[in-house]
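Trainee: Sending over a structure as structure tokens; questions will come in a sec.
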Amino acid sequence: MKASDLFVRALEAEGVEFVFGIPGEENLDLLESLRGSKIRLVIGRHEQAAGFMAATYGRLTGNAGVCLSTLGPGATNLVTAAAYAQLGAMPMVMVTGQKPIKSSKQGRFQIIDIVDMMQPLTKFTKVIVSGDNVPAHVREAFRQAEEERPGATHLELPEDIAREHSTMPVLEPSYTRRPIAENKAVCQAVQAIAAARKPLLLIGAGANRKLTAKMLREFVEKFGIPAVTTQMGKGVIDEASSYFIGNTALSDGDFVHRAIDQADLIINVGHDVVEKPPFFMRPGGPEVVHINFSSAQVDPVYFPQIEVVGDIANSLWQIKEKLEPQSHWSFTDAHRIRDALRKHIVDGAQDASFPVKTQRLVKEVREAVPDNGIIALDNGMYKIWFARNYQAHKPNTVLLDNALATMGAGLPSAMAAKLVHPDRSVVAICGDGGFMMNSQELETAVRLKLDLVILILRDDGYGMIKWKQSQMDFHDFGLDFGNPDFVAYAGSYGASGHRIERTEDIRPTIERCMQEGGIHLIDIPVDYSDNDRILNREIRELSAKL
């Protein structure tokens with residue numbers, strides 16, 4: 001069998017559904033092998049966007065997404081996507097082409113050391129030097145990509161190796177159970193939780209990667225312990241629940257941090273130091289129990305005293321079975337903080353001014369999107385507001401990146417979400433800066449005949465950096481830009497464009513676009529002028545009074 005055919009057979013054995021990317025001449029044997037496969041080839045318009053799609057596929061399914069590029073510039077365009085998957089713990093396998101490695105008549109044309117380039121950005125990177133190595137290298141790339149902590153892996157398939165013949169069989173994935181926590185560690189955690197007066201759950205990104213939501217629900221319902229989430233932990237528990245206090249969209253100074261400050265024990269489930277800190281741990285502060293697939297990576301703001309290492313759901317179950325509710329637990333302060341935060345969110349959402357304030361925008365989107373609908377956020381100022389104010393009811397219904405926090409991922413992530421969940425509503429929410437970084441994927445979305453709504457929050461500048469600029473008392477300088485006519489821009493790709501001119505039109509326009517199907521781009525002017533006042537002063541002043 002030709003090595004490229006063997007490679008595709010190995011992908012099929014791993015359960016691969018899609019390959020996202022842009023092939024080059026060095027991939028043509030592999031492309032021909034894919035032609036006869038049930039795997040769907042999704043051709044994009046930029047390798048970075050293809051990588052974002054593959055990473056999001058991995059994030060939503062737990063199975064490694066696959067992306068493809070040629071050598072040289074094609075491979076370098078995958079670098080940001082590799083970092084996105086690696087830092088965000090999204091399983092992804094990158095496949096890049098290369099010139100013949102046994103003999104080449106093109107010298108060093110387009111050749112860079114791709115394997116060496118990928119080394120610091122991946123869990124595993126390898127050049128395939130023999131067709132006989134294909135099954136083992138593919139299996140290892142998928143194993144490492146998917147095992148905790150998930151991330152990016154890379155295989156380089158040179159042109160001449162792809163044409164070799166091999167008699168090696170495909171290696172089927174083995175069934176592996178994740179290790180479970182040691183009983184002594186579980187008992188230590190149980191004793192600490194039982195002895196605490198004001199325990200608090202903090203749910204992070206790791207809890208959103210596996211099926212832990214059911215166990216966490218049972219845990220909070222049995223004990224009534226209040227919970228907060230990180231940005232990437234949103235949706236693990238229903239945020240409409242009375243147990244949910246709020247989201248740590250900021251690292252300090254918000255209402256939710258008053259609940260953290262008053263707790264004497266934090267049960268930190270699925271925390272990852274790669275994510276922007278949800279709170280700053282300080283000596284003499286609350287004791288922290290770390291429950292995760294792996295031991296804690298210690299840094300100046302995170303140094304837990306107790307660690308329960310193993311499968312998260314099993315660890316929670318073990319603790320739940322050994323622990324009983326305690327009469328001395330007090331959640332009065334946490335509930336008071338929850339009520340104050342919810343009132344603040346509701347009050348901010350009443351502003352009817354135009355251009356729309358972000359708090360009001362979050363309310364309009366939440367009312368338009370079904371509970372199981374998915375919003376995919378690019379990176380920008382609005383991400384903080386959606387993390388803080390948008391109620392997520394189900395796991396992985398709010399896709400945001402608080403690890404690499406790259407711009408340009410919102411639209412490709414939404415496209416991948418729609419491919420994974422074709423029967424669910426998906427809305428991409430992008431700033432005008434982030435959208436234009438990968439706006440060419442509108443053509444891909446139209447060609448794939450997706451049903452997708454894209455919100456462009458237009459402020460004609462880099463709003464997040466303007467907020468920081470104002471926070472540091474610098475002058476407003478160097479962060480403004482122009483934009484195309486987004487309605488005409490959408491139409492040029494065969495999508496439908498809409499422009500919002502009144503705040504009250506936002507929700508009905510989103511709902512109408514979702515009902516009509518197809519690709520809809522909605523241009524929404526936003527007003528970020530209150531960001532500095534609210535986020536840097538008002539929230540801190542109000543929360544300090546609690």
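The values are calculated or read from the model by the stated rules, or taken from the named source; none is laboratory data. Since we're looking at a predicted model, the values are computed, not measured. Cβ placement follows ideal geometry from the backbone for every residue including glycine, while neighbour counts extend to all protein chains displayed.
Residues are listed down the side, and each one gets a yes or a no for (1) of a type in the set (Gly, Ala, Ser); (2) within 20 Å of Gly410 (Cβ to Cβ):
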| residue | (1), (2) |
| --- | --- |
| Gln440 | no, yes |
| Arg458 | no, yes |
| Ser470 | yes, no |
| His475 | no, no |
| Ala490 | yes, yes |
| Ile506 | no, yes |
| Gly518 | yes, yes |
| Val526 | no, yes |
| Asn531 | no, yes |
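Trainee: Quick one: in segment 378-428, which of the residues that are in contact with a Ser or Thr (Cβ under 8 Å, 6 or more places away or on another chain) and part of a strand (DSSP E or B) is farthest from Arg512 (Cα to Cα)?
Mentor: Step by step, filter segment 378-428, then rank; the result is Leu399.
Trainee: Next up: What number of residues within segment 305-315 satisfy the criterion of being loosely packed, with under 15 Cβ neighbours inside 10 Å and either among the β-branched types (Val, Ile, Thr) or assigned to a strand (DSSP E or B) (or both)? Please lay out each step first, then the result.
Mentor: Of all residues in segment 305-315, those loosely packed, with under 15 Cβ neighbours inside 10 Å come to 305.
Narrowing the set further to residues that are either among the β-branched types (Val, Ile, Thr) or assigned to a strand (DSSP E or B) (or both) leaves none.
Count: 0.
Trainee: If I ask for residues that are more than 15 Å from Arg507 (Cβ to Cβ) and among the hydrophobic types (A, V, I, L, M, F, W, C), which ones from segment 369-393 would you list?
Mentor: Selection gives Ile374, Ala376, Leu377, Met381, Ile384, Trp385, Phe386, Ala387, Ala392.
Trainee: Just to check your reading of the model, which residue among Ile510, Ile522, Ile506, Ile454 is closer than 26 Å to Gln350 by Cβ and assigned to a strand (DSSP E or B)? Before the answer, list the steps.
Mentor: Details: Ile510 fails: assigned to a strand (DSSP E or B); Ile506 fails: assigned to a strand (DSSP E or B); Ile454 fails: closer than 26 Å to Gln350 by Cβ.
Among Ile510, Ile522, Ile506, Ile454, only Ile522 is closer than 26 Å to Gln350 by Cβ and assigned to a strand (DSSP E or B).
Trainee: Here is a list of conditions, (1) in contact with a Lys or Arg (Cβ under 8 Å, 6 or more places away or on another chain); (2) over 28 Å from Leu404 (Cβ atoms), and Gln305 meets all of them except one; can you say which number that is?
Mentor: Unmet condition: (1).
Trainee: Would it be correct to say that Gln318 is at pLDDT 95 or above, part of a helix (DSSP H, G or I), touching a helix residue (DSSP H, G or I) at 6+ places or on another chain (Cβ under 7 Å) and not aliphatic (A, V, I, L, M)?
Mentor: Criteria met by Gln318.
Trainee: For segment 326-333, indicate whether the set of residues that are surrounded by fewer than 20 Cβ atoms within 10 Å (Cβ to Cβ) and part of a helix (DSSP H, G or I) is non-empty.
Mentor: Taking every residue of segment 326-333 in turn, at least one turns out to be surrounded by fewer than 20 Cβ atoms within 10 Å (Cβ to Cβ) and part of a helix (DSSP H, G or I).
Trainee: Next question, about the same structure. Checking Ile374 against (1) over 30 Å from Gly15 (Cβ atoms); (2) within 13 Å of the chain's Cα centre (by Cα); (3) aliphatic (A, V, I, L, M), which single condition isn't satisfied?
Mentor: Going through (1) over 30 Å from Gly15 (Cβ atoms); (2) within 13 Å of the chain's Cα centre (by Cα); (3) aliphatic (A, V, I, L, M) one by one, Ile374 breaks only (1).
Trainee: So which helices (runs of 4 or more DSSP H) stay within segment 4-101 end to end and still have 1 or more residues that are at negative phi and touching a Lys or Arg at 6+ places or on another chain (Cβ under 9 Å)?
Mentor: Of the helices (runs of 4 or more DSSP H) lying wholly inside segment 4-101, those with at least 1 residues that are at negative phi and touching a Lys or Arg at 6+ places or on another chain (Cβ under 9 Å) span 28-35, 47-61, 79-88.
Trainee: Now, a different point. Of the residues that make up segment 477-494, is at least one out of contact with any Cys (no Cβ under 8 Å at 6 or more places or on another chain), surrounded by 15 or more Cβ atoms within 10 Å (Cβ to Cβ), in the same structural domain as Lys418 (by TED's automatic domain parsing) and in a strand (DSSP E or B)?
Mentor: no
Trainee: Please work out if Arg336 is of a type in the set (Lys, Arg) and surrounded by 17 or more Cβ atoms within 10 Å (Cβ to Cβ).
Mentor: no
Trainee: Search segment 496-510 for residues that are not assigned by TED's automatic domain parsing to the domain that holds Ala368 and pair each with any residue that is modelled with pLDDT under 95 and not in a strand (DSSP E or B) when their beta-carbon atoms are under 6 Å apart and the residues are at least 6 apart or on different chains.
Mentor: Final answer for the pair search is none.
Trainee: Search segment 172-202 for residues being within 24 Å of Glu148 (Cα to Cα) and crowded, with 18+ Cβ neighbours inside 10 Å, and hand back the single one that is modelled with the lowest pLDDT.
Mentor: Ala181
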